[in-house]
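Chemist: Sending over a structure as structure tokens; questions will come in a sec.
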Amino acid sequence: MSYLKFDKNLMINLEQSLPKEMLRTNMSGAYHCTTIVGCNTRKQHGLLVIPIPEMDDKAHVLLSSLDESVIQHGASFNLGLHQYGDNVFSPNGHKYIREFTCESVPKLTFRVGGVIMTKEKVFISHENRILIKYTLLEAHSPTTLRFRPFLAFRDANALVMENPAINKDIRHVPNGIATCLYQGYPELFMQFNKEAAWIDDPNWYKGVEYYKDRDRGIPYKEDLWVPGYFELPIKKGESIIFSASTFETDPSTFEKIYTEELKTRTCRTSFYNCLKNAAKQFYLKNDRGMYIMAGYPWYNVRGRDELIALPGCTLAIDHEEDYHTILSTFIESLRNYIETGATDPVIKDIDLPDIPLWTIWAIQQYRRYTDVHECRKKYLDNVRYLVGCIMDSRIRNLKLHDNGLLSTEGTNTPVTWLSASINGRPIIPRTGYILEFNALWYNAIRFLISMLESAEIQGEELDRLHDLEKRCGDAFVQTFLNDFGYLYDYVNGTYTDLEVRPNMAIAIGLEYSPLDRRQRKKVLDFCTRELLTPKGLRSLSPKSHDYRPIYVGNPTEREYTVHQGPARPWLFGFYADAYFKVFGVSGLSFIERMLIGYEEEMSEGCIGSLSEMYDGNPPYTGRGAVSTAKNVGEILSTIRTVNRMSKLLSQTEENV
């Protein structure tokens, strides 16, 4: 039985099936995203959505959807599905769906009278091309398939309306056509692996609606251009492959390309395999280097998100080579920024003050997965360089004080991951001594000391670091730890922020902490009582008068809410590490039980992945970006830790 499987009863119930989305990427920035019934519910949905570097750094929807029709005895049965108003759907093709499965590729099974047909989709790695394979399993009469392409040619975050600027020309290519609706866009090639008839039937399909956008209080209606349709016969047992791409291809190669691509796929037959598959879809490789996308369908590469996601999305799935390639690309860009002030055209937010701290943390995770000697050999110089830059005040907006703590200015511009803002002004103006900045800083100092000591390097450098470690550790405890048992989120002069936030989980989950075990346990207990949910840690305690657990409403309402209560799965990774540091292997059963909450999400939201955030209150509905790298990465890291602790427990029991 398939791990991800939905039967007819769920598929024909749009209230249940429309919230379930699926994502495929080419690991070079292009993607395909829609619902499991094929009805687009966001403007970012599309069959072929690609970056166009010549235009901008955004994704663009070329082919919105492809409506298939089964024709027998002159009767046409359209398998497509679009929304045109409240509960107004047409042509209701979902009623023919009998099953959806998603192991190596998404697969729909349709039944139309005596016709049984499957539809499978594959996005070709590092190419702007999607292949769709149709196989006729049963048919008692001659059968013809009709394909009607819905074209958009627009920014994925915009909408298009009927307009006179459209270029309606098409040109014929082998087994298909090519067209380009607007200047500046590449041609879209639509081809089949067998000869297909093209019938001109140009029309605007007006008033297509996306209810997810309507619910978000943003424009949600558009008109899509349909230039005509393809028709071709299909026999029982035959497979037909459709290709949509930005380049012309030899149709005779489609079957081989499809088969070869399947061999590279991780079958989604388990929780771990689903997340492994999701992790690889965040990879981005271009002529500048290799990166990790922050999430889909609307994020690009963001420095902090990439670093947090990196260990889990590479090392935790045994992709060590990718870890080194991605980190090498990142460090080169970071060093260039530190030395010249030039920001990176691909990596956003590389100028934020905590980026060097997260870079050191990401390097430290390599030691966690390998050993100190390999880590030291590959990355000691980089850690030394970054710590030195911080000590010498070479990192913009990051000041080292005599007490060993770091301060930053975030009153007017957001500088931490709690970055929500209105008109550019941070809603949470975290400034001064930031909790996770200083926790990461103390951890970085100790990490560098341990690397130097393992190499038996002595001298003035080590003495300075030991002195800094002592001052930083003492000041950290005095500044952030309070009598209530939790850690202040930020302290600015005489102002102390009293809100209970999850950054304290980062502080106690790091390998090195200035807190002793007893202090860590008190903070951990506070996190458990007030922040822990089955979907991660809340961004704010429910006891706060500012608590807003549900991320809904118009853009302004959502901006005020985003960091005031919704839960983040990536923070659970730090919580789990802290739990094991306090309880050791005895904490194994609890963390394993908590992981069940994330496994449940494999068949919700974007199937096989994790959403950006979840409501802080039951039923913990997923919100925001449908697939997010740092959530996937940190849960994969937690699974890896659980497996390691399980082995340790088994060895302990064997020795008893």
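The values are calculated or read from the model by the stated rules, or taken from the named source; none is laboratory data. None of the values given here were measured: they were computed from a predicted structure. Heads up, the Cβs are rebuilt from the backbone with ideal geometry, glycines too, and the neighbour counts pull from every protein chain shown. Surface areas here come from the heavy atoms of the whole protein model, side chains and all, with no ligands, DNA or RNA. Shrake-Rupley method; radii C 1.70, N 1.55, O 1.52, S 1.80 Å.
Chemist: Using beta carbons and a limit of 8 Å, which pairs, at least six apart or on different chains, have the first residue in the range 373-389 and touching a residue at least 40 places away in the same chain (Cβ under 8 Å) and the second one open to solvent by 60 Å² or more (accessible area, probe 1.4 Å)?
Modeler: Tyr385/Arg335
Chemist: Take the residues in the range 572-611 that are within 14 Å of Thr638 (Cα to Cα) and among the hydroxyl-bearing types (Ser, Thr, Tyr); name whichever of them is surrounded by the fewest Cβ atoms within 10 Å (Cβ to Cβ).
Modeler: Ser589
Chemist: Sticking with this structure for a sec: Are there any pairs with C-beta distances below 7 angstrom linking a residue in the range 279-306 that is in contact (Cβ under 8 Å) with a residue 12 or more places away in the chain and of a type in the set (Lys, Arg) to a residue that is open to solvent by 20 Å² or more (accessible area, probe 1.4 Å) and not in a loop (DSSP other than H, G, I, E, B), with the two at least 6 apart or on different chains, and if so which?
Modeler: Arg302/Lys348
Chemist: I've got another one for you. Quick one: how many residues across the range 474-519 are touching a Lys or Arg at 6+ places or on another chain (Cβ under 9 Å), open to solvent by 10 Å² or more (accessible area, probe 1.4 Å) and assigned to a helix (DSSP H, G or I)?
Modeler: Matching residues across the range 474-519 total 1.
Chemist: Within the range 174-185, is even one residue in contact (Cβ under 8 Å) with a residue 12 or more places away in the chain, loosely packed, with under 15 Cβ neighbours inside 10 Å and among the aliphatic types (A, V, I, L, M)?
Modeler: no
Chemist: Does Thr528 satisfy the condition of being modelled with pLDDT of 95 or more, touching a strand residue (DSSP E or B) at 6+ places or on another chain (Cβ under 6 Å) and surrounded by fewer than 21 Cβ atoms within 10 Å (Cβ to Cβ)? Spell out how you get there, then give the answer.
Modeler: Values: modelled with pLDDT of 95 or more: yes; touching a strand residue (DSSP E or B) at 6+ places or on another chain (Cβ under 6 Å): no; surrounded by fewer than 21 Cβ atoms within 10 Å (Cβ to Cβ): yes.
No.
Chemist: Run Pro311 past the list (1) out of contact with any Phe, Trp or Tyr (no Cβ under 8 Å at 6 or more places or on another chain); (2) assigned to a helix (DSSP H, G or I); (3) touching a residue at least 40 places away in the same chain (Cβ under 8 Å); (4) not polar (S, T, N, Q) and report the number of the one that doesn't hold.
Modeler: For Pro311, the failing item is (1).
Chemist: Restricted to the range 329-358, and to residues that are in contact with a strand residue (DSSP E or B) (Cβ under 6 Å, 6 or more places away or on another chain) and either of a type in the set (Asp, Glu) or in a helix (DSSP H, G or I) (or both), which residue is most open to solvent (accessible area, probe 1.4 Å)?
Modeler: Asp349
Chemist: Let me ask something else about it. When only residues in the range 158-171 that are over 24 Å from Gly80 (Cβ atoms) and of a type outside the set (A, V, I, L, M) count, which is surrounded by the fewest Cβ atoms within 10 Å (Cβ to Cβ)?
Modeler: My answer is Pro164.
Chemist: Identify, from the list Leu386, Leu380, the residue that is assigned to a helix (DSSP H, G or I), open to solvent by less than 10 Å² (accessible area, probe 1.4 Å), aliphatic (A, V, I, L, M) and at pLDDT 95 or above.
Modeler: Exactly one residue qualifies, and that residue is Leu386.
Chemist: Something else: Tell me, please, whether a residue that is more than 21 Å from Leu481 (Cβ to Cβ), surrounded by fewer than 17 Cβ atoms within 10 Å (Cβ to Cβ) and aliphatic (A, V, I, L, M) can be found in the range 432-451.
Modeler: There is no residue in the range 432-451 that is more than 21 Å from Leu481 (Cβ to Cβ), surrounded by fewer than 17 Cβ atoms within 10 Å (Cβ to Cβ) and aliphatic (A, V, I, L, M).
Chemist: Further, regarding this structure: Are there any strands (runs of 3 or more DSSP E) wholly within the range 30-86 with 1 or more residues that are surrounded by 21 or more Cβ atoms within 10 Å (Cβ to Cβ), and if so which?
Modeler: Hits in the range 30-86: 31-35, 46-51, 59-72, 82-85.
Chemist: Among (1) within 20 Å of the chain's Cα centre (by Cα); (2) within 25 Å of Arg430 (Cβ to Cβ), where does Leu510 come up short?
Modeler: (1)
Chemist: Same structure again: Are any of the residues in the range 553-561 touching a Phe, Trp or Tyr at 6+ places or on another chain (Cβ under 6 Å) and either under 30 Å from Ser2 (Cβ atoms) or of a type in the set (S, T, N, Q) (or both)?
Modeler: Looking for residues that are touching a Phe, Trp or Tyr at 6+ places or on another chain (Cβ under 6 Å) and either under 30 Å from Ser2 (Cβ atoms) or of a type in the set (S, T, N, Q) (or both), one finds at least one in the range 553-561, hence yes.
Chemist: Hey, another quick one. Can you name the condition, by its number, that Ile457 falls short on among (1) touching a residue at least 12 places away in the same chain (Cβ under 8 Å); (2) within 20 Å of Ile363 (Cβ to Cβ)?
Modeler: Failed condition: (1).
Chemist: Still on this structure, please answer the following. Taking Arg394 and the conditions (1) modelled with pLDDT of 95 or more; (2) open to solvent by 40 Å² or more (accessible area, probe 1.4 Å); (3) basic (Lys, Arg); (4) not in a loop (DSSP other than H, G, I, E, B), which numbered condition does it fall short on, given that it satisfies the others?
Modeler: (4)
Chemist: Right, here's the next one. Only one of these conditions is not met by Ala567: (1) open to solvent by less than 10 Å² (accessible area, probe 1.4 Å); (2) free of Cβ contacts under 8 Å to residues at least 60 places away in the same chain; (3) out of contact with any strand residue (DSSP E or B) (no Cβ under 6 Å at 6 or more places or on another chain). Which number is it?
Modeler: Answer for Ala567: the failing condition is (3).
Chemist: Determine, yes or no, whether Ile428 is part of a loop (DSSP other than H, G, I, E, B) and out of contact with any helix residue (DSSP H, G or I) (no Cβ under 9 Å at 6 or more places or on another chain).
Modeler: Answer is yes for this residue.
Chemist: Same structure again: Of (1) among the basic types (Lys, Arg); (2) under 24 Å from Arg24 (Cβ atoms); (3) in contact with a helix residue (DSSP H, G or I) (Cβ under 7 Å, 6 or more places away or on another chain); (4) open to solvent by 40 Å² or more (accessible area, probe 1.4 Å), Arg623 satisfies all except one. Which?
Modeler: Arg623 satisfies every listed condition except (3).
Chemist: Filter the range 397-425 for residues that are open to solvent by 50 Å² or more (accessible area, probe 1.4 Å), outside any loop (DSSP other than H, G, I, E, B) and under 27 Å from Lys470 (Cα atoms) and give the result.
Modeler: If the condition is that a residue be open to solvent by 50 Å² or more (accessible area, probe 1.4 Å), outside any loop (DSSP other than H, G, I, E, B) and under 27 Å from Lys470 (Cα atoms), then Lys399 is the only one that fits.
Chemist: To continue, here is another question. Considering each of Glu248, Glu306, Glu231 in turn, give the residue that is touching a strand residue (DSSP E or B) at 6+ places or on another chain (Cβ under 6 Å), surrounded by fewer than 19 Cβ atoms within 10 Å (Cβ to Cβ), farther than 30 Å from Arg111 by Cα and modelled with pLDDT of 95 or more.
Modeler: Numbers: Glu306 fails: surrounded by fewer than 19 Cβ atoms within 10 Å (Cβ to Cβ); Glu231 fails: farther than 30 Å from Arg111 by Cα.
Result: Glu248 is the single residue among Glu248, Glu306, Glu231 that is touching a strand residue (DSSP E or B) at 6+ places or on another chain (Cβ under 6 Å), surrounded by fewer than 19 Cβ atoms within 10 Å (Cβ to Cβ), farther than 30 Å from Arg111 by Cα and modelled with pLDDT of 95 or more.
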